[in-house]
Amino acid sequence: MVKIVDNLEHLSILIIEDNIGDFILVEDYLLEKFKYAHIEHFVDFENTKTFFENNNKNLDLILLDLHLPSLSGIELVKNILKIMGNIPIIILTGYSDIALAEKSIQLGVYDFLIKDELNPNLLQKSIHFALNRKSFISQIENERIKFENLFHLSPQPMLLLNYGDLKILDANYAAIEKYGFKLAEFLNMSFLDLHPTNEETMVTNLIFEKTQDENSKIFTHILKNTNTIHVELYFKEVAVSKEKNNIIVQSNDITQRLKHLQTIVSQNKKLKDIAWTQSHVVRAPLARILGIINLIEEEKGNLENLLFWLEQLKVSSNEMDEIVRKIIEDTRNFDLNIES
């Protein structure tokens, strides 16, 4: 919401006017509407410049005649604007200089008033307009600075794109660090230059057609050193004017996350293999061992058969031992992979 300036009685106003009669008239009009106004007066550019260099923070408004003894016209306006910064300037002019005054508006002057038409109410209205316009411009500038700070200082890589051709218009510090390109290099690139050729159509469809209402998808990005990373992309249109939009894109590097997921899939497969070994492979020698024990019990009086079955029991026991060792080794490797 725009903050409207409503306390104007204590304004500090600089009048730059070499005609003393015009100055006195303007001063009277000002004091009629702003009785506590502090008014400074200079008749030339040189003294004005010296005053401003020492008192610029105290000025709220400047009333400027277009013709001074040593400088006039557009040249005067340009020099005043250069030293006055964002202080609102209202030009006081005659009918013969209306075209010049209109051109001054294009350069950054807030308003112009015809001296022959000037009255207290008109002057007050113009001052109100100029100061409220300054407040509005200051608010917009503050919002712009906030946006730039949010953009440039974001820990996630962010790029600003031209809506039409996806040309990169800006890159934040995180993007410069992540991708390895300098800002000047980014500004000579299209966003599609970061993608392999086979992804370009998918990217443009996602941005312009908003495929299946998605606002993010996994893509591949190519860094300056030619390494590749996997990224999730988020897009947001931002209005620059009524006729033009830009696009902010945020990329999240999920390369390590995908590697971690692949590791988990691999570990799950190993777990299944271990479980299968435990439930199937181990049961075979165990069943033989149990069977041999039963036979030994039945062949107590037959020494020859007893020795044979003891030998088979030893073989199955060794086989069982190898299987258990293999399970332990697989489990140990599995634990090490999880830790890494």
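Enumerate the residues in the stretch 220-235 having an amide nitrogen under 15 Å from the point lying 7 Å beyond the Cα of Ile254 toward its Cβ.
Answer for this model: 220-221, 229-235.
In whole Å, how far is the Cα centre of the stretch 167-201 from that of the stretch 14-63?
Between the Cα centre of the stretch 167-201 and that of the stretch 14-63, the gap is 51 Å.
Note down the nm distance, to one decimal, between modelled labels 7 Å out along Cα→Cβ at Arg325 and at Lys49.
Each label point lies 7 Å from its Cα, and together they span 9.5 nm.
On average, how much area does the Cα convex hull of the stretch 1-140 cover when viewed from any direction, in nm²? If you can, show how the numbers build up before the last one.
On the way: hull surface 31.9 nm².
For the Cα atoms of the stretch 1-140, the hull's average projected area reads 8.0 nm².
Hey, got the Cα dimensions of the stretch 131-237 along the principal axes, in Å, largest first?
Cα extents, longest axis first: 55, 33, 23 Å.
Got a sec to turn the phi values of the stretch 91-108 into Karplus ³J(HN,Hα) couplings, 6.51 cos²θ - 1.76 cosθ + 1.60 with θ = phi - 60°, whole Hz, x for Gly and Pro?
8, 10, 8, x, 4, 5, 10, 4, 4, 5, 5, 5, 5, 5, 4, 5, 7, x
Placing +1 at every Lys and Arg Cβ and -1 at every Asp and Glu Cβ, with all other atoms neutral, what dipole size does the stretch 155-253 have around its Cα centre, in debye to the nearest 20?
Charge dipole, the stretch 155-253, about its Cα centre: 240 debye, nearest 20.
Where a number appears in this text, it was derived from the coordinates with a stated rule and is not lab data. Everything numeric in this text was worked out from a predicted model, so none of it was measured. Cβ: placed from backbone, ideal geometry, glycine included. Neighbour counts: every protein chain shown.
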